[in-house]
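Report on the following structure.
The values are calculated or read from the model by the stated rules, or taken from the named source; none is laboratory data. No experiment lies behind these values; they were computed from the predicted model shown. A quick note on method: Cβ atoms are made from the backbone with ideal geometry, for glycine too, and the neighbour counts reach across all protein chains shown. Note: accessible area is taken over every heavy atom of the protein model, side chains too, but ligands, DNA and RNA are not part of it. Shrake-Rupley method; radii C 1.70, N 1.55, O 1.52, S 1.80 Å.
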Amino acid sequence: MSGIRVVRGPDWNWGVQDGGEGHVGTIVFPKETDELKSNATFVNWDKGLRANYRTGHGQKFDLLVFDTAPAGITHSTVQCDGCQCAPLRGMRWKCNDCNNYDLCSACYMSDKHDKSHTFMRFDAPHLDWYVYDESRLCIKV
């Protein structure tokens, strides 16, 4: 998993260790001096801090993958309503307030739709989803 870019997940409770909401970090291999814990991983945040986060420990998940497109994730039956790309690659952002309205990450992050609407984030087809409100904060479902 080393090299995967991540952001805050649904169980985040570590203040601004990551630099604040929306900041990105990279999963890294543990150093010899790092205390290894099961169901946890190390992240180097772009702001400079390195820390250990839960990835299933106690059924808690502090991290979410930033974008699944580099891993080749494709939503084969979905078209982005912002840029019309089809199939939609990477994460799918589905509007909870509009019927059948989906965005790719680039369109979602550049506000191609009403920012006051709530969105569901699908990391990949057939996986769990997360809900985001107008401030782009993750709401645990």
note = Within the range 20-52, residues on the phi > 0 side of the Ramachandran plot and in contact with a strand residue (DSSP E or B) (Cβ under 6 Å, 6 or more places away or on another chain) come out as Asn39
message = Checking the conditions here, which among Lys112, Lys94 is crowded, with 17+ Cβ neighbours inside 10 Å, over 19 Å from Phe61 (Cβ atoms) and in contact with a strand residue (DSSP E or B) (Cβ under 8 Å, 6 or more places away or on another chain)?
response = Lys94
query = What residue, among those in the range 74-102 that are more than 23 Å from Gly9 (Cα to Cα) and of a type in the set (Gly, Ala, Ser), is modelled with the lowest pLDDT?
reply = Ser76
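Any idea which of Asp18, Asp34 is outside any strand (DSSP E or B), of a type in the set (D, E, K, R) and modelled with pLDDT of 90 or more?
Result of the check over Asp18, Asp34: Asp18.
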Residue within the range 116-130 that is charged (D, E, K, R) and modelled with pLDDT under 65 present = yes
query = Restricting attention to the range 9-41, and to residues there that are open to solvent by 80 Å² or more (accessible area, probe 1.4 Å) and of a type in the set (A, V, I, L, M), which single residue is nearest to Thr68 (Cα to Cα)?
reply = Val16
Restricting the range 43-73 to residues that are surrounded by 14 or more Cβ atoms within 10 Å (Cβ to Cβ) and in a helix (DSSP H, G or I), the residue that is modelled with the highest pLDDT = His57
